[in-house]
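Trainee: Shown below is the structure under consideration.
Read-outs throughout are calculated quantities, based only on the coordinates presented, and are distinct from any laboratory measurement. Since this is a predicted model, take the numbers as computed values, not measurements. Here the Cβ is made from the backbone with ideal geometry for all residues, glycine too, and neighbour counts use every protein chain on show.
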Amino acid sequence: MTGCLLSFFREAKIMQEPFSFQMAQHVKGIYHPGMMKWHYEHGLVIMACLEADPSLFSWAYGLYDPMIARDGSIVTYREGEFNLDQINPGRNLFTLYRKTGEQRFLDAARLLRSQLEHQPRTKSGIFWHKGIYPWQVWLDGQYMEGPFYAQYSQLTDDRKGMEDVVRQLKTTYRLLRDPESGLLYHAYDESRGMRWADEKTGLSPHFWGRAMGWYCMAVLDVLDYLPEGYSGREDLHAIIRSLIPSIRSVQDSESGMWYQVMDEGSRKGNYLETSATSMFVYTLLKAYRMGITNDPEDTKAATKAFEGMKIRYLDKDFCLGGICSVAGLGGNPYRDGSFRYYVGEKIATDDFKGIGPFILAALEVERAGTL
């Protein structure tokens, strides 16, 4: 009888915990020290879990510990690859340094900042997405480096660095925005040399949901590190205000979610996708919380989307489905950016590119108190 009562009270306590907390516990249960790779989605999901449950710091430390040597070098990291994806896991280094005082974490952050110092740029001043993708700007890249770059600039009082971050976000918006729909294309090739790039505009052919989600989150997260009164803040506010109506215009009315290819709706093969939807929930609610927007309908749209994901893709064990495993452009085999390509990539369960944003979205829902 005592055992049954203890089990009952444990289950009751779990039910009382915030949803974000429960998702973080799910991640801890499937992701153990020794499993970490130095890649953006690993850094993202660890960051999200720490926000949901700060008591997971020891778990996060155990994941990062074997990745960072005493001299600050990072296992598997190669600066000369000029890969922006490798910058994002550096965001947790600031927390690790602040909590432990271990110099190696700050040295590792300096190493990543050194990459940005030498990162090749387009003629318009934006970082190449990777060394192997010359002259190319991907929306993804703005999230991979922007918030880290802004936080490092805040830490070192680097006003030029802050200006560079804001300038790149603004230029990306200007170059990749479709004036008709207001949505942002996935990528831009300044050289017009890639087969996926329009020969006149250099733009890729479609609006991929997660790419636009990355960009929106980048803008909002960068704002966390810009000083109050800094002129660039209002420029970024204006970008978010302009994007939100376009995002809401392609929201699925029934489920509240967003499609893999945003403007193609229920076209055969298209599907309601979890990572992009999570990012847009985060965008709508964080923008409202920060006072960038003031339309209560945004919070209703976000709440409906979050509920739609839970109903469609979350099971009783907190496993999350409906996540596009990967989507890129170029490379080998060649990814042509066509509709057929985007809807043909693998759909995964418990992929960190989906779980991380889902936890961040849950946190914003809980802060808003809309569920």
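Trainee: Could you identify which residue out of VAL250, VAL261, VAL45 has the top mean-square fluctuation in a GNM of the chain using Cα springs shorter than 10 Å?
Mentor: Comparing VAL250, VAL261, VAL45 in a Gaussian network model of the chain, the most mobile one is VAL250.
Trainee: Still on this structure: When the chain is fully extended, how far beyond the present Cα-Cα distance does SER253 get from SER191, taking 0.36 nm per residue of separation? Provide the component values of the computation, followed by the final result.
Mentor: Working: separation 62, 0.36 × 62 = 22.32 nm, distance 3.88 nm.
The span from SER253 to SER191 would gain 18.4 nm if fully extended.
Trainee: Something else now. Select one label from (i) 35, 22, 19; (ii) 30, 27, 20; (iii) 35, 30, 22: the one whose number is semi-axes √(5λ) of the Cα gyration tensor in Å as derived from the coordinates shown.
Mentor: Given (i) 35, 22, 19; (ii) 30, 27, 20; (iii) 35, 30, 22, the structure-derived one carries the label (ii).
Trainee: Sticking with this one: Report the label-to-label distance for VAL75 and SER55 in nanometres (one decimal), using points 7 Å from each Cα along the Cα→Cβ vector.
Mentor: Reported label-point gap for VAL75 and SER55 is 2.8 nm.
Trainee: Kindly provide the helix-only [θ] at 222 nm of the chain, computed as the sum of -39,500 (n - 2.57) over DSSP H runs of four or more divided by all residues, to the nearest 500 deg cm²/dmol?
Mentor: Details: 14 runs with 199 residues, N = 371.
It comes out at -17500 deg cm²/dmol, rounded to the nearest 500.
Trainee: Tell me which DSSP H helices of the chain clear both cut-offs, 20 Å or more of axial length from alpha-carbon atoms and a mean Kyte-Doolittle hydropathy of at least 0.5.
Mentor: Span-like helices in the chain: 209-223, 352-368.
Trainee: Any of LYS170/LYS300; LYS28/LYS353; LYS170/LYS286; LYS200/LYS268; LYS268/LYS300 with alpha carbons more than 25 Å apart? Name them for me. Intermediate results must be reported in sequence, preceding the final value.
Mentor: Details: LYS170/LYS300 28 Å; LYS28/LYS353 16 Å; LYS170/LYS286 19 Å; LYS200/LYS268 29 Å; LYS268/LYS300 28 Å.
Flagged as over cut-off: LYS170/LYS300; LYS200/LYS268; LYS268/LYS300.
Trainee: I've got another one for you. Apply 1/(1 + (r/R0)^6) to the Cβ-Cβ distance of ARG110 and ARG340, taking R0 = 41 Å, and write down the FRET efficiency to the nearest 0.05. Walk me through the numbers on the way to the answer.
Mentor: Working: r = 43 Å, r/R0 = 1.06.
E(calc), rounded to 0.05, equals 0.40.
Trainee: Then there's this: I'd like to know how the range 214-371 sits against the 2.2 N^0.38 Å rule of thumb: what's its Cα Rg over that expected value?
Mentor: Details: Rg = 16.0 Å, N = 158, 2.2 N^0.38 = 15.1 Å.
Compared with the compact-globule rule of thumb, the range 214-371 sits at 1.06.
Trainee: Explain nothing, just the number: dipole magnitude of the chain about its Cα centre with +1 on each Lys and Arg Cβ and -1 on each Asp and Glu Cβ, in debye rounded to the nearest 20. Don't skip to the answer; put the middle values down first.
Mentor: On the way: 42 positive and 47 negative charges, 48 e Å.
Magnitude of the dipole: close to 240 debye.
Trainee: So between ASP317 and LYS170, what do we pick up on full extension, going 0.36 nm a residue minus the alpha carbon distance? Working shown, then result.
Mentor: Details: separation 147, 0.36 × 147 = 52.92 nm, distance 4.12 nm.
Computed gain between ASP317 and LYS170 is 48.8 nm.
Trainee: Ok, one more. I'd like the FRET efficiency for GLN16 and LYS300, computed as 1/(1 + (r/R0)^6) with the beta carbon distance as r and R0 of 25 Å, rounded to 0.05.
Mentor: Values: r = 25 Å, r/R0 = 1.02.
Once the sixth-power term is evaluated, E becomes 0.50.
Trainee: Rounded to two decimal places and with Rh computed the Kirkwood way over Cα pairs, what is Rg over Rh for the range 229-310?
Mentor: On the way: Rg = 13.4 Å, Rh = 13.2 Å.
So for the range 229-310, dividing Rg by the Kirkwood Rh gives 1.02.
Trainee: Considering only GLY256, GLY161, GLY146, give the residue with the highest GNM mean-square fluctuation for the chain, with springs between Cα atoms whenever their separation is below 10 Å.
Mentor: GLY161
Trainee: Based on the mean of other Cβ atoms within 10 Å per residue, sort peptides 147-159, 92-104 so the most packed one is first.
Mentor: Ranked from most to least packed, the peptides come out as 147-159, 92-104.
Trainee: Further question on the same structure: Counting other beta carbons within 10 Å of each residue's own, what order do HIS237, HIS39, HIS186 fall into, fewest first? Working shown, then result.
Mentor: Details: HIS237 18, HIS39 15, HIS186 28.
With the sparsest Cβ surroundings first, the list reads HIS39, HIS237, HIS186.
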